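I have placed the structure first, in the form of structure tokens, so that the comments after it can refer back to it.
The values are calculated or read from the model by the stated rules, or taken from the named source; none is laboratory data. As the structure is a prediction and not an experimental result, all values here were calculated from the model. Here the Cβ is made from the backbone with ideal geometry for all residues, glycine too, and neighbour counts use every protein chain on show.
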Amino acid sequence: MKAIFEGNPDVKELEELFHSDDKCLEFLAEIKWEHGFICRKCGNTNHCPGKAPHSRRCTKCKTEESPTSGTIFHNCKFPIHKAFYIAYNVCKGKEDVSTYEFARRLSLRQMTCWNFKTKIQNALRAMDSLSENEKTSIQKFFQ
Ligand SMILES: [Zn+2]
């Protein structure tokens, strides 16, 4: 899964990712906990599955962390697979897709697409001021 945005992504894998929220969360979780789980609150490294899909819960302080927290996908108001589609096209796409075209392809409002596209572009510009997780997720898109 991790290799999806590295090198030449497999079209089939991308398609899967662009149609499934679950796959997107799995993808983010793999990047986030690539080097294992560390609780952000207490530093404990043991976890059990959280309530939300692909989230993890600290066995000590019970803090739950979602794969999206600390990434540009956190609190996204529309399905995350659509956000992935926009992010991928903005970061790696060969064509400059307009926000009207994104809106048409994804059945979203143009303003929604414009807001998210702008968020990604700003994030790319401000890479240095991002948290490690955000950086990682963006770099993965960029490679
Ligand atoms: Zn903890």
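Summary of computed values
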read-out: Residue check for Glu34: outside any loop (DSSP other than H, G, I, E, B) and either away from the ligand (no atom under 16 Å from the Cβ) or touching a Cys at 6+ places or on another chain (Cβ under 7 Å) (or both); value: no
read-out: Of residues in the range 5-58 being without any contact (Cβ under 8 Å) to a residue 12 or more places away in the chain and among the small types (Gly, Ala, Ser), the one surrounded by the fewest Cβ atoms within 10 Å (Cβ to Cβ); value: Gly36
read-out: Enumeration of residues in the range 74-123 that are assigned to a loop (DSSP other than H, G, I, E, B) and more than 18 Å from Lys23 (Cα to Cα); value: Gly93, Lys94, Glu95, Asp96, Val97, Ser98, Ser107, Leu108, Arg109
read-out: Whichever residue in the range 59-75 is crowded, with 20+ Cβ neighbours inside 10 Å and not small (Gly, Ala, Ser) and, among such residues, is farthest from the ligand (Cβ to nearest atom); value: Ile72
read-out: Residue among Ser66, Ser98, Ser107 that alone is under 17 Å from Glu30 (Cβ atoms), free of Cβ contacts under 8 Å to residues at least 60 places away in the same chain and small (Gly, Ala, Ser); value: Ser66
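Residues are listed down the side, and each one gets a yes or a no for (1) modelled with pLDDT of 95 or more; (2) under 18 Å from Thr112 (Cβ atoms):
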position: Met1; (1), (2): no, no
position: Phe5; (1), (2): no, no
position: Glu13; (1), (2): no, no
position: Gly50; (1), (2): yes, no
position: Thr63; (1), (2): yes, no
position: Ser69; (1), (2): no, no
position: Phe78; (1), (2): yes, yes
